[in-house]
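Novice: First the structure, which I've put down as structure tokens, then a few questions once you've had a look.
The values are calculated or read from the model by the stated rules, or taken from the named source; none is laboratory data. From a predicted model like this one, the values you see are computed outputs, not experimental measurements. Here Cβ is always computed from backbone atoms with ideal geometry, including for glycine, and neighbour counts include all displayed protein chains.
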């Protein structure tokens, strides 16, 4: 599009003149080929994000960006918390959808002979698929406690290790969560889903580290990647139906009050919002934190069950197998963060929708063990290709310390179902040495590798932009899908 300027080999800018009402320009991190793949709807959505009251400097889209609800997936916006708004469309329905990565001391030679047994056991232990419920023995009262305490509740009740919390964004709990700001319907949808993988693009994957896929040996060793053909486990899930209901409740509320109560213009109904400091804005923020904490707890229970399954299959204690968490990162969230903007420290409300925090070395909020390395960043690829571990870089201050979150879709789920066939994919993946157990062939077709962008190109774009650094590439050998 002629109005969009190419600033560098990995940066594009949409000027304010692109659409009436834009308060700031918009920027897209992408190579030329990735930029060419983006739907026109991405530019429209990003220009609408740039119209949000209180937005600072520019609206952003990461290289895995594609059309979403409200914000494009891959969207980032920093908002002045005193003068600006909060928008559920800038966070997403699956609040705190995120990634968790677990290292082991096991090698491919040890795991390959047992991969079918291992994957099938994980599939039985960790509920996956639409509507699946967990076996965690909690009632609604205990669930509300989890909403307040997050992953800490799990560890305190024997579901994990204290070090897991240190290696989780926000230490596994956002303070200020208030279960009274959550609807009864949300509670009913969520309390039986703690410890479940879900459906769609959620997955659990057993992966191997090949020597040729280690790009920075020192950083890799600092993150716990320290042996040939090492096995890791990566999984992707969020707050399930609970987060979806929280988002739905407040999107509808904000839409009713935007114009009538706060005189806020409606450029896009999907970007319904409220002043952050308003009663309604603070209510949503407190409810969103509940969903964030639910997701952290969800991934903590799954981690606990992964360790149990590995222990049963290999006849060793998880500690003996070195099953330490590397990190847990969120990519659908809003948080108050403080960092330099135009050379001065400033507190901002950062919306990240399908984007990952990418703190650089030395920043407050990082665990002690990662103060010298920068934040581990976990980027999931498609089930047929591979995934990455990156490290945060100082230059990511230009993107409000944010980077990509995954491959990014290039076709709709319906289009993928029409083009790919689940049974065929199972065989094709087996031919590549990947054993998969999925809830349905239909869901599998939706997640075919061909439905996604090239993960290697997405990662290269973030590195060229200087916002994250390649450390390790992982190759899948086993997968469970909802």
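Novice: Just give me the residues in the range 86-116 being over 30 Å from residue 221 (Cα atoms) and assigned to a strand (DSSP E or B), in sequence order.
Specialist: Within the range 86-116, 86 is the sole residue that qualifies.
Novice: Could you count how many residues in the range 103-120 are surrounded by fewer than 20 Cβ atoms within 10 Å (Cβ to Cβ) and closer than 12 Å to residue 313 by Cβ?
Specialist: Final tally of qualifying residues: 7.
Novice: I would also like to ask the following. Please enumerate the residues belonging to the range 14-33 that are surrounded by fewer than 16 Cβ atoms within 10 Å (Cβ to Cβ) and within 25 Å of the chain's Cα centre (by Cα).
Specialist: Answer for the range 14-33, where residues must be surrounded by fewer than 16 Cβ atoms within 10 Å (Cβ to Cβ) and within 25 Å of the chain's Cα centre (by Cα): 32, 33.
Novice: Can you tell me which of 306, 302, 333, 341 is in contact with a strand residue (DSSP E or B) (Cβ under 9 Å, 6 or more places away or on another chain) and modelled with pLDDT under 95?
Specialist: Values: 306 fails: modelled with pLDDT under 95; 302 fails: modelled with pLDDT under 95; 333 fails: modelled with pLDDT under 95.
None of the other options fit; the residue is 341.
Novice: Can you tell me which residue in the range 181-226 is surrounded by the fewest Cβ atoms within 10 Å (Cβ to Cβ), limited to those that are free of Cβ contacts under 8 Å to residues at least 24 places away in the same chain and out of contact with any helix residue (DSSP H, G or I) (no Cβ under 8 Å at 6 or more places or on another chain)?
Specialist: Filtering the range 181-226 down to residues free of Cβ contacts under 8 Å to residues at least 24 places away in the same chain leaves 184, 211-212, 217-218, 221, 226.
In the following step, the residues that additionally are out of contact with any helix residue (DSSP H, G or I) (no Cβ under 8 Å at 6 or more places or on another chain) were identified as 184, 211-212, 217-218, 221.
On the way: 184: 9, 211: 10, 212: 7, 217: 13, 218: 9, 221: 14.
Checked the range 181-226; the qualifying residue surrounded by the fewest Cβ atoms within 10 Å (Cβ to Cβ) is 212.
Novice: Could you please give the count of residues in the range 210-241 that are more than 22 Å from the chain's Cα centre (by Cα) and in a loop (DSSP other than H, G, I, E, B)?
Specialist: 7
Novice: Something else: Looking only at the range 227-245, count every residue that is within 23 Å of residue 148 (Cα to Cα) and crowded, with 23+ Cβ neighbours inside 10 Å and tell me the total. So that I can check it myself, show each step before the final result.
Specialist: Taking the range 227-245 and keeping what is within 23 Å of residue 148 (Cα to Cα), we get 236-245.
From the residues that got through so far, the ones that are crowded, with 23+ Cβ neighbours inside 10 Å too are 236-240, 242-243, 245.
Total satisfying the criteria: 8.
Yes/no per residue for (1) under 19 Å from the mean Cα position of the chain (by Cα); (2) modelled with pLDDT of 95 or more; (3) closer than 20 Å to residue 225 by Cβ:
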{"site": "362", "(1), (2), (3)": "no, yes, no"}
{"site": "366", "(1), (2), (3)": "yes, yes, yes"}
{"site": "377", "(1), (2), (3)": "yes, yes, yes"}
{"site": "381", "(1), (2), (3)": "yes, no, yes"}
{"site": "385", "(1), (2), (3)": "yes, no, yes"}
{"site": "394", "(1), (2), (3)": "no, yes, no"}
{"site": "403", "(1), (2), (3)": "yes, yes, yes"}
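Novice: Residue 159 fails exactly one of the following numbered conditions: (1) part of a loop (DSSP other than H, G, I, E, B); (2) in contact with a helix residue (DSSP H, G or I) (Cβ under 9 Å, 6 or more places away or on another chain); (3) surrounded by fewer than 20 Cβ atoms within 10 Å (Cβ to Cβ). What is the number of that condition?
Specialist: Checking residue 159 against (1) part of a loop (DSSP other than H, G, I, E, B); (2) in contact with a helix residue (DSSP H, G or I) (Cβ under 9 Å, 6 or more places away or on another chain); (3) surrounded by fewer than 20 Cβ atoms within 10 Å (Cβ to Cβ), the one that fails is (3).
Novice: Taking only the range 434-458 into account, find how many residues are within 13 Å of residue 415 (Cβ to Cβ), within 21 Å of the chain's Cα centre (by Cα) and in a helix (DSSP H, G or I).
Specialist: First pass over the range 434-458, keeping only residues within 13 Å of residue 415 (Cβ to Cβ): 445-448, 450-452.
With the extra rule that they be within 21 Å of the chain's Cα centre (by Cα), the set shrinks to 446-448, 450-452.
Still in the running and in a helix (DSSP H, G or I): 446, 450-451.
Number satisfying all stated conditions: 3.
Novice: Can you name every one of the strands (runs of 3 or more DSSP E) wholly within the range 319-400 that holds 2 or more residues which are surrounded by fewer than 19 Cβ atoms within 10 Å (Cβ to Cβ) and touching a helix residue (DSSP H, G or I) at 6+ places or on another chain (Cβ under 9 Å)? Let's see the steps before the verdict.
Specialist: Values: elements: 325-330, 332-341, 344-353, 376-379, 387-392.
Of the strands (runs of 3 or more DSSP E) lying wholly inside the range 319-400, those with at least 2 residues that are surrounded by fewer than 19 Cβ atoms within 10 Å (Cβ to Cβ) and touching a helix residue (DSSP H, G or I) at 6+ places or on another chain (Cβ under 9 Å) span 332-341.
Novice: Something else: For the list (1) touching a residue at least 40 places away in the same chain (Cβ under 8 Å); (2) touching a helix residue (DSSP H, G or I) at 6+ places or on another chain (Cβ under 8 Å); (3) assigned to a helix (DSSP H, G or I); (4) under 19 Å from residue 306 (Cα atoms), I need the number of the one condition that residue 152 fails.
Specialist: (1)
Novice: If residue 416 passes every condition in (1) touching a residue at least 40 places away in the same chain (Cβ under 8 Å); (2) under 23 Å from the mean Cα position of the chain (by Cα); (3) on the phi < 0 side of the Ramachandran plot but one, which one does it miss?
Specialist: (1)
Novice: Residue check: is residue 135 at pLDDT 95 or above and either in contact with a helix residue (DSSP H, G or I) (Cβ under 9 Å, 6 or more places away or on another chain) or not in a strand (DSSP E or B) (or both)?
Specialist: Numbers: at pLDDT 95 or above: no; either in contact with a helix residue (DSSP H, G or I) (Cβ under 9 Å, 6 or more places away or on another chain) or not in a strand (DSSP E or B) (or both): yes.
So residue 135 does not fit the description; no.
Novice: Any chance the range 433-454 includes a residue that's more than 27 Å from residue 117 (Cβ to Cβ), crowded, with 20+ Cβ neighbours inside 10 Å, modelled with pLDDT of 90 or more and in contact with a strand residue (DSSP E or B) (Cβ under 9 Å, 6 or more places away or on another chain)?
Specialist: Looking for residues that are more than 27 Å from residue 117 (Cβ to Cβ), crowded, with 20+ Cβ neighbours inside 10 Å, modelled with pLDDT of 90 or more and in contact with a strand residue (DSSP E or B) (Cβ under 9 Å, 6 or more places away or on another chain), one finds at least one in the range 433-454, hence yes.
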